[in-house]
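Asks: The following block contains the structure, expressed as structure tokens.
The values are calculated or read from the model by the stated rules, or taken from the named source; none is laboratory data. These figures come from a predicted structure and were not determined experimentally. Every residue, glycine among them, receives a Cβ derived from its backbone with ideal geometry; neighbour counts consider all protein chains shown.
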Amino acid sequence: MAEENASGQGVQSVVRALGLLRVLARSDDGARVSDIAREVGLAVSTTHRLLTTLETQGFAQFEADTSLWFVGREAFAVGAAYGKRRSFVAPALPFLRRLRDATRETANLGILDHDTLVTVSQVESREIMRAISPPGGRVPVFCSGMGKAILATWPEKDVVALAERVGFSPLTTKSIRNTDQLLHDLERTRARGFAVDDEEHVTGLRCVAAVVWSPQGEAAGAISVSGLAARLTEAKVETVGATVIQAAEGLTAKLGGMSDPL
């Protein structure tokens, strides 16, 4: 019984520590232990103990001068290893940079992971006001341009099965709310060759995305451009879409990929 309790406490500590890492990853300017504790719902003493343990292993870093905690070098190493496993991340960077320069908006690379869209690489716009969903961030797949670009390559029965499995999590008044809307959106995506997040993730932000194919003829991921809707207007979507498709096709060719039309 004592061993079972110890095991349970160990698992709880791991879950809590991972929660702290997520908070640190979102805190570019660092965070105080009291703020971290409040965000994760733990006592300050417990939070400090876990952070200190993470620090000894290199996953957290404490700056005594400011009393701020930051994500540590080992966390970066683990994240970098994940990026290497996704072998298309490094080859994608030149395409993302060119896409950013051509559109003056933030260029993104995303994958579908555990039924959500994850941004794995990004080249930020140089504009002062820009759209940024940091790498590692997850978005409900039906609210994401990149997510919908990937889903447009799936058979309809698989899309319906996903919708039944995860449901709909609308984030704005424009988010897709049911299967009929989703299938209609994906039909439009296939017809024009790119997907659009029309303020469905964040009000005031628009995204245009196209799929990247693997050598196996499957959707390896997607490339997108995201920006303020006032700047990335509806009138520009068609032109930007063609540019995004060109970038996605370029990366597909670089990877030796090939499309597998439904």
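Asks: Take segment 230-247 and flag every residue that is buried (at least 17 other Cβ atoms within 10 Å of the Cβ), among the small types (Gly, Ala, Ser) and either more than 18 Å from Arg188 (Cα to Cα) or not assigned by TED's automatic domain parsing to the domain that holds Leu171 (or both).
Replies: Result: Ala247, single match.
Asks: Before we move on, is Leu24 closer than 21 Å to Val120 by Cα and in contact with a helix residue (DSSP H, G or I) (Cβ under 8 Å, 6 or more places away or on another chain)?
Replies: Numbers: closer than 21 Å to Val120 by Cα: yes; in contact with a helix residue (DSSP H, G or I) (Cβ under 8 Å, 6 or more places away or on another chain): yes.
Criteria met by Leu24.
Asks: Which residues, taken from segment 23-37, are loosely packed, with under 14 Cβ neighbours inside 10 Å and either at positive phi or in a helix (DSSP H, G or I) (or both)? Before the answer, list the steps.
Replies: Of all residues in segment 23-37, those loosely packed, with under 14 Cβ neighbours inside 10 Å come to 26, 28-29, 34.
The answer is Arg26, Ser34.
Asks: Follow-up question, since we're still on this one. Filtering segment 140-188 down to residues that are of a type in the set (S, T, N, Q) and over 20 Å from the mean Cα position of the chain (by Cα), which residue is surrounded by the most Cβ atoms within 10 Å (Cβ to Cβ)? Show your work before the answer.
Replies: As a first pass, look at segment 140-188 and keep what is of a type in the set (S, T, N, Q): 144, 153, 169, 172-173, 175, 178-179, 181.
From the residues that got through so far, the ones that are over 20 Å from the mean Cα position of the chain (by Cα) too are 173, 178-179, 181.
Values: Thr173: 9, Asn178: 11, Thr179: 16, Gln181: 13.
Across segment 140-188, the extreme among qualifying residues is Thr179.
Asks: Another question about this same structure. Could you count how many residues in segment 55-77 are among the aliphatic types (A, V, I, L, M) and over 23 Å from Pro135 (Cα atoms)? It would help to see each step written out before you state the result.
Replies: Taking segment 55-77 first, the residues among the aliphatic types (A, V, I, L, M) are 60, 64, 68, 71, 75, 77.
Subset that is over 23 Å from Pro135 (Cα atoms): 64.
Selection size over segment 55-77: 1.
Asks: Now, a different point. Looking only at segment 189-222, count every residue that is among the hydrophobic types (A, V, I, L, M, F, W, C), closer than 14 Å to Thr153 by Cβ and either in contact with a Ser or Thr (Cβ under 9 Å, 6 or more places away or on another chain) or surrounded by 22 or more Cβ atoms within 10 Å (Cβ to Cβ) (or both) and tell me the total.
Replies: Our first condition is that a residue be among the hydrophobic types (A, V, I, L, M, F, W, C); within segment 189-222, this holds for 191, 194-196, 202, 205, 207-213, 219-220, 222.
So of that shortlist, the ones also closer than 14 Å to Thr153 by Cβ come out as 191, 194-195, 209-213, 219-220, 222.
Narrowing the set further to residues that are either in contact with a Ser or Thr (Cβ under 9 Å, 6 or more places away or on another chain) or surrounded by 22 or more Cβ atoms within 10 Å (Cβ to Cβ) (or both) leaves 194-195, 209-213, 219-220, 222.
Residues flagged as among the hydrophobic types (A, V, I, L, M, F, W, C), closer than 14 Å to Thr153 by Cβ and either in contact with a Ser or Thr (Cβ under 9 Å, 6 or more places away or on another chain) or surrounded by 22 or more Cβ atoms within 10 Å (Cβ to Cβ) (or both) within segment 189-222 amount to 10.
Asks: Still on this structure, please answer the following. Taking segment 110-124, which residues are of a type in the set (Gly, Ala, Ser) and under 16 Å from Arg97 (Cβ atoms)?
Replies: Start the filter on segment 110-124 by keeping residues that are of a type in the set (Gly, Ala, Ser), which leaves 110, 121.
Within segment 110-124, just Ser121 meets the criteria.
Asks: Within segment 145-174, how many residues turn out to be free of Cβ contacts under 8 Å to residues at least 60 places away in the same chain and either over 21 Å from Ala210 (Cβ atoms) or in contact with a strand residue (DSSP E or B) (Cβ under 7 Å, 6 or more places away or on another chain) (or both)?
Replies: Going through segment 145-174 one residue at a time, the tally reaches 16.
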